[in-house]
Structures are given as structure tokens and as C-alpha cells.
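Note sheet for the following structure.
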Amino acid sequence: MPDKALARRIKAVGLDVDGVFTDGGVYLGLVAHHPLEFKRFHVQDGLGVRLLRAVGLPVILVSGRASEASEVRAKEMEVDELIEVAPQKKLPALAQALERRGLTLDACAYVGDDLADLPVLHAVGLPIAVANAAPEVKAAAQLVTSVPGGQGAVRQVAELLLKMRGEWSPLLKREFEAGDGARPTHRSR
């Protein structure tokens, strides 16, 4: 487990898409002779992105394949940037995205699941793997989630990182506790 000092040095979070935000499955079909793609995204991961951004950490998605489904989800989550490049170009693409923000790779956490993520994981300050990652990816990681990709792993990463930084409790208080003493009401059917 990374220490608090390392967690505080992190100024951005990079994430693979397929296998991290999703279970890695892709549903393909045709509608009126036009290809159609579906992916299943876990709703808690969107909250994880929101929490990271709420403390000022840019969130950059780096995918090894172009996908309209990923573009729609990235826009919906309001990530700072979605990069879709050939798998072997993930590292230079992330480095450039960080450079545009005045950041370096050692100030970045990155979550990956498969072999194409290894160059990035070896270069960043905090390499993270999802529970169902390839053995080589887990070996390169300083932190491995307890849940697999597509099952809330990004949300878990956000919580772990923010707890290590000492930002979790203040963030929850600021974002989710009613300041006027109001409690949510539940309606009967």
C-alpha cells in the first residue's frame, strides 16, 4: 500500500477504459448495416471520477481503441480528457496530456488491467491494477483493487487514494451531508 506522502504527490489520475471501467467485454452488432457497440459501465465508477475531480485531480482516460460508447461515458462523467490511441502509444499520449497541465508522469496515478498498460504503469508515480488484471500488471502495481474492472474498481481507487491523502472525510462532509439538518425522506408506495 502506498504511503500518505506518495498519495499527496499525485496530481492527476489516468485510467484505462476497457477492463478498468468495463469488464472488458464488448457487444457488437449491426443496425441497418451500421456497426453498433455496447459496453457495460458501473455507475459507482462515475461517482469515483466525480470525487477525484472534486478535490482538483484531473481524470484522464487512455484507451487503446476508439469507441463511441467510451466517448459517451467520458462525456457523461465529465472527465478532463479522453485519449484514444493505439495501445503502444498510451505512454507518450498520457505524458503529453500531463505536460499540457504542467504535470509529469511521477505525479500521476494510473489504473490498468492488461499488457498494453505496462509501459504506463512502469512510468507513473502510483501504478494501480484492478483485481482481474493480468499477472504482469499486478506485479507492476503498487496497489491492486479488491474488485475487478467493471465492478466499481475506479470508485474503490478514488476512495483509497483520497483516504491516503486525508481528503476522504472532509470531501464526504462537504459533498454529501446536508448542512441544514435536513434528512432525506422516503415515500411509501
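Tabulated data for the structure shown
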item	result
Number of the condition not met by Asn132 [criteria: (1) surrounded by fewer than 19 Cβ atoms within 10 Å (Cβ to Cβ); (2) modelled with pLDDT of 95 or more]	(1)
Verdict on Leu115 being among the aliphatic types (A, V, I, L, M), at negative phi and touching a Pro at 6+ places or on another chain (Cβ under 7 Å)	no
Residues satisfying the stated conditions in segment 96-152, i.e. small (Gly, Ala, Ser) and part of a loop (DSSP other than H, G, I, E, B)	Gly102, Gly125, Ala131, Ala133, Ala134, Ala141, Ser146, Gly149, Gly150, Gly152
Residue list for segment 33-56, restricted to those being of a type in the set (A, V, I, L, M, F, W, C), in contact (Cβ under 8 Å) with a residue 24 or more places away in the chain and over 17 Å from Gly19 (Cα atoms)	Leu47, Leu51, Leu52, Ala54, Val55
Test: Gly102 is at pLDDT 95 or above and surrounded by fewer than 17 Cβ atoms within 10 Å (Cβ to Cβ)	yes
Residue within segment 57-80 that is free of Cβ contacts under 8 Å to residues at least 12 places away in the same chain, out of contact with any strand residue (DSSP E or B) (no Cβ under 7 Å at 6 or more places or on another chain), farther than 21 Å from Leu160 by Cα and surrounded by fewer than 17 Cβ atoms within 10 Å (Cβ to Cβ) present	yes
Which numbered condition Pro148 fails, given (1) under 23 Å from Gly56 (Cα atoms); (2) under 15 Å from the mean Cα position of the chain (by Cα)	(1)
Count of residues meeting criterion [surrounded by 13 or more Cβ atoms within 10 Å (Cβ to Cβ), of a type in the set (A, V, I, L, M, F, W, C), over 19 Å from Leu105 (Cα atoms) and in contact with a Gly (Cβ under 8 Å, 6 or more places away or on another chain)] in segment 1-37	2
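Residue by residue, here is whether (1) crowded, with 19+ Cβ neighbours inside 10 Å; (2) among the acidic types (Asp, Glu); (3) at pLDDT 95 or above; (4) over 21 Å from Arg9 (Cβ atoms) holds:
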| site | (1), (2), (3), (4) |
| --- | --- |
| Leu118 | no, no, yes, yes |
| Ile128 | yes, no, yes, no |
| Ala139 | no, no, yes, yes |
| Val144 | no, no, yes, no |
| Pro148 | no, no, yes, yes |
| Val154 | yes, no, yes, no |
| Leu172 | no, no, no, yes |
| Phe176 | no, no, no, yes |
| Ala182 | no, no, no, yes |
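The values are calculated or read from the model by the stated rules, or taken from the named source; none is laboratory data. Only a predicted model underlies this, so the values are computations on that prediction, with no experimental measurement involved. Note that we place each Cβ from the backbone using ideal geometry, even for glycine, and neighbour counts take in every protein chain shown.
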